[in-house]
Amino acid sequence: MSDKFIINPTGPLRGDVYISGAKNAVLPVLAATLLTGQDCVVQNVPRLSDVESMCGLLASLGAGTQWDAASGSLIVRAGGLNLCEAAYEWVGKLRASFLVIGPMLARLGRAKVPLPGGCAIGSRPVDLHLKGLAALGADIDHTHGYISVSAKKLTGAKIYLDFPSVGATESIMMAASLAEGQTIMENCAVEPEIVDLANFLNAAGADIRGAGTDTVKINGTRELRGVDHTVIPDRIEAGTFMVAAALTRGDIHLTNVMADHLKPVTAKLKEVNIHVTETETGLRVYHDPSQEVIAADIKTLPYPGFPTDMQSLFMSLMATAQGTSIITETVFENRFMQVGELKRMGADIKIESRSAVIEGVRRLAGAQVQASDLRAGAGLMLAALTAEGTTELSGTEHIDRGYCALETQLNQLGADIKRVIA
Ligand code: UD1
């Protein structure tokens with residue numbers, strides 16, 4: 001049994017919200033702390049269940065983690081890293097934990113990590129991670145659901161990624177930091193979280209140039225040292241509140257945001273008649289009642305294109321926009337899990353291959369719905385804010401993976417959401 005959210009509509013959301021550190025930045029940074037035997041301090045860490053799971057995995061490998069409640073920072077002591085096998089118990093919980101494979105290989109010479117299974121949004125293979133590690137000299141074996149990698153030494157190489165995978169770029173960057181010689185990685189991912197990881201590694205003594213462009217050069221070093229690193233703000237959490245402002249026709253001021261990272265989301269909101277302005281401390285997102293929110297077409301793409309993680313949230317917005325919108329998902333093969341649930345709330349959506357055709361309706365209706373994954377759940381939660389009547393949303397554990405008590409934050413802006421503990 002999981003918790004449930006009981007959501008009633010309350011009208012426009014208004015007020016200030018402080019955006020947490022980025023989940024997708026902190027998870028690879030935590031994996032990267034395994035590259036050094038010295039203590040690392042990671043600041044601005046969001047207290048998410050995914051972060052707790054990653055800490056559990058690190059601890060199971062012999063790396064201690066300790067929260068500093070006063071500062072919200074996390075101290076990782078990987079001096080005692082001694083186990084080179086990651087337990088399925090942890091890797092099965094979150095796919096990002098597969099990222100420990102590169103650091104363990106680089107530091108211990110071998111690693112055995114369970115193959116992350118398929119998940120709700122697609123099969124999500126790891127072939128690009130493994131091709132990269134093989135190019136650096138690792139032997140790779142796949143038996144009984146585990147990937148084993150080993151190498152007496154890693155050697156820099158030229159690596160061309162078939163697709164700019166975020167995770168593969170991170171895996172290779174981490175392993176290559178301790179390889180002998182230069183690695184040149186081409187067609188890599190350029191997400192802000194990649195730059196954050198490179199900043200962490202460079203502060204620890206790595207020599208990485210070009211992160212944030214499609215070619216990254218890494219000159220391997222023998223050892224990395226402990227660092228104190230502050231993770232970037234979460235652009236998807238920020239985007240979630242931007243859509244909450246748009247959907248409820250409200251006025252929300254976001255602080256601790258990087259406007260540059262939000263350009264594709266801001267551009268799309270402006271296209272549908274939502275105002276986004278930079279302030280001295282953040283971003284203000286608001287609706288002018290004299291303007292209708294109108295339909296728009298969206299295609300998800302690797303950064304700096306429109307983020308796939310924002311797709312379900314925009315679908316909720318488009319569900320009541322004036323006109324017909326087409327959302328095309330190009331990054332993951334099965335990321336329309338929220339559609340059936342939105343239709344239960346009265347949305348008019350048809351799936352045609354990788355596209356969803358959305359006819360805006362005047363108003364959604366509250367219903368019993370189920371979150372299938374993190375962002376699908378957040379999209380349903382926002383849709384419920386304006387639906388007529390009560391929505392009962394189950395599967396809240398998915399939402400807790402990526403948001404620090406989203407219901408509390410939304411309630412502080414005027415929403416009416418109750419968590420019913422199972
Ligand atoms: C990361 C984010 C996730 C986001 C995604 C795309 C984290 C913890 N998660 O996931 O929130 O939705 O980026 O922005 O940062 N692929 C392969 N082979 C591989 C690796 C990936 O074919 O070895 C494919 C995937 O199946 C998918 C696409 O590449 O279709 C993008 O995946 P990737 O960029 O690797 O996403 P993640 O790092 O898993």
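The values are calculated or read from the model by the stated rules, or taken from the named source; none is laboratory data. As the structure is a computational prediction, the values presented were derived from the model and not from experiment. So basically every Cβ, Gly included, is an ideal-geometry build from the backbone, and we count neighbours across all protein chains shown.
Taking the stated definitions as given, is Ala111 part of a strand (DSSP E or B) and surrounded by 15 or more Cβ atoms within 10 Å (Cβ to Cβ)? So Ala111 passes the test. Within region 192-242, the only residue that satisfies the criterion of being among the charged types (D, E, K, R), within 16 Å of the ligand (Cβ to nearest atom) and surrounded by fewer than 21 Cβ atoms within 10 Å (Cβ to Cβ) is Asp214. For Arg225, the requirement of being out of contact with any Phe, Trp or Tyr (no Cβ under 7 Å at 6 or more places or on another chain), basic (Lys, Arg) and within 30 Å of Ala179 (Cβ to Cβ) is met. Restricting Phe336, Phe314 to residues that are crowded, with 19+ Cβ neighbours inside 10 Å, part of a loop (DSSP other than H, G, I, E, B) and either in contact with a strand residue (DSSP E or B) (Cβ under 9 Å, 6 or more places away or on another chain) or among the polar types (S, T, N, Q) (or both) narrows the list to Phe336. If you go through region 385-401 and keep only what is surrounded by 23 or more Cβ atoms within 10 Å (Cβ to Cβ) and not in a helix (DSSP H, G or I), you end up with Ala387, Thr391, Leu393. Annotation: Gln291 fulfils all but one of (1) part of a helix (DSSP H, G or I); (2) more than 16 Å from the ligand (Cβ to nearest atom); the unmet one is (1).
Given the conditions (1) free of Cβ contacts under 8 Å to residues at least 24 places away in the same chain; (2) out of contact with any helix residue (DSSP H, G or I) (no Cβ under 7 Å at 6 or more places or on another chain), which single one is not true for Ile351? All conditions are met except number (2). Quick one: would you say Gly366 is modelled with pLDDT of 95 or more, crowded, with 24+ Cβ neighbours inside 10 Å and of a type outside the set (A, V, I, L, M, F, W, C)? The answer is no for Gly366. Within region 94-105, one or more residues are modelled with pLDDT under 95 and within 30 Å of Gln412 (Cα to Cα). Kindly indicate whether any position in region 162-172 is more than 26 Å from Leu48 (Cβ to Cβ), within 9 Å of the ligand (Cβ to nearest atom) and either hydroxyl-bearing (Ser, Thr, Tyr) or buried (at least 24 other Cβ atoms within 10 Å of the Cβ) (or both). No. For region 173-191, filtered to residues that are under 14 Å from Lys131 (Cα atoms) and part of a helix (DSSP H, G or I), the residue that is farthest from the ligand (Cβ to nearest atom) is Ala176.
Look at (1) over 15 Å from Gln311 (Cα atoms); (2) out of contact with any strand residue (DSSP E or B) (no Cβ under 7 Å at 6 or more places or on another chain); (3) part of a strand (DSSP E or B) and you find that Thr408 fails only one, number (3). For region 127-161: of the residues being among the basic types (Lys, Arg) and either over 18 Å from Asn219 (Cα atoms) or within 16 Å of the ligand (Cβ to nearest atom) (or both), which is farthest from the chain's Cα centre (by Cα)? Across region 127-161, the extreme among qualifying residues is Lys152. When each of Arg344, Arg335 is tested for being in contact with a Ser or Thr (Cβ under 8 Å, 6 or more places away or on another chain) and basic (Lys, Arg), the lone residue that passes is Arg335.
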